[in-house]
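Input: a single structure, listed below in structure tokens.
The values are calculated or read from the model by the stated rules, or taken from the named source; none is laboratory data. If you're wondering where the values come from, they're calculated on a predicted model, not measured in any experiment. Here the Cβ is made from the backbone with ideal geometry for all residues, glycine too, and neighbour counts use every protein chain on show. Ligands, DNA and RNA are stripped out before the accessible areas are found, and what is left, the full protein with its side chains, is counted by its heavy atoms. Shrake-Rupley method; radii C 1.70, N 1.55, O 1.52, S 1.80 Å.
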Amino acid sequence: MTGRRGSSVHPLALLTGAVLAGLTATQFVHTVRDRNRWPICSNNMFNRPLPQRVEQLRVRLKDGTRWTEPRSVYGLLPLEFFRVVDICDAVLVDNEDPEVRDRFCRRVVERLNTRPWRGFDEISASERADDPRGFTGLELLVVTVDLADYCRATDSPLHDIDVLHRWEAP
């Protein structure tokens, strides 16, 4: 571009600015309309109304001979936390075959005992046993969280605790 000295703008800078402005506007429209069209996401998973009481999955692990307090399922698999919930839901809630459930629980416990992992980004660190024998059982629970009295820091209180499946090593 020509013109007065110091007033020229490089075409690449103009193109970059136009592309960024277009992406920002597109993202804004998708967010307002609550629509997803790859590669633009409306981010609606972070912006939705919840009922006052919500059912969630929790797990108790048998650490040697004692059962732990209910805890999140995030530390059961070396995957992003939201995938762990979906997998546990598919295998232990939707599936009614006790052999499949038992095999899944056994493999999870074996992995926790033999190959623990560290947390990274959206992957929680594995659960770790205090007992030298390791974990010897797994119990999947459905709990109700009441948003009026729930404290995220302590993950309590939990209401209406129901056992969905229990597996213990023979």
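Taking region 68-77 as the range and being under 21 Å from V145 (Cβ atoms) and surrounded by 15 or more Cβ atoms within 10 Å (Cβ to Cβ) as the test, the residues that pass are T68, P70, R71, S72, V73, Y74, G75, L76.
When only residues in region 117-153 that are of a type in the set (A, V, I, L, M, F, W, C) and part of a loop (DSSP other than H, G, I, E, B) count, which is nearest to L76 (Cα to Cα)?
So the residue we want is A125.
When Q56, Q52 are checked against the criterion of being under 21 Å from the mean Cα position of the chain (by Cα) and either more than 23 Å from D89 (Cα to Cα) or open to solvent by 80 Å² or more (accessible area, probe 1.4 Å) (or both), a single residue qualifies: Q52.
Take the conditions (1) open to solvent by less than 30 Å² (accessible area, probe 1.4 Å); (2) free of Cβ contacts under 8 Å to residues at least 60 places away in the same chain; G64 misses just one of them, which is (2).
The residues listed here are R128, R133, R115; of these, the one that is open to solvent by 100 Å² or more (accessible area, probe 1.4 Å) and either among the aliphatic types (A, V, I, L, M) or under 19 Å from P70 (Cβ atoms) (or both) is R128.
Every condition in (1) farther than 25 Å from R66 by Cα; (2) loosely packed, with under 15 Cβ neighbours inside 10 Å; (3) not acidic (D, E) holds for Y150 except the one numbered (2).
Considering only region 78-110, state which residues are open to solvent by 70 Å² or more (accessible area, probe 1.4 Å) and assigned to a helix (DSSP H, G or I).
F81, F82, R83, D86, D94, P98, E99, R103, R106, R107, E110
Working only within region 58-71, note down all residues that are modelled with pLDDT of 95 or more and either on the phi > 0 side of the Ramachandran plot or in contact with a helix residue (DSSP H, G or I) (Cβ under 9 Å, 6 or more places away or on another chain) (or both). Scanning region 58-71 gives V59, L61, K62. For region 18-27, indicate whether the set of residues that are farther than 30 Å from E110 by Cα, surrounded by 10 or more Cβ atoms within 10 Å (Cβ to Cβ) and modelled with pLDDT under 85 is non-empty. No, every residue in region 18-27 fails to be farther than 30 Å from E110 by Cα, surrounded by 10 or more Cβ atoms within 10 Å (Cβ to Cβ) and modelled with pLDDT under 85.
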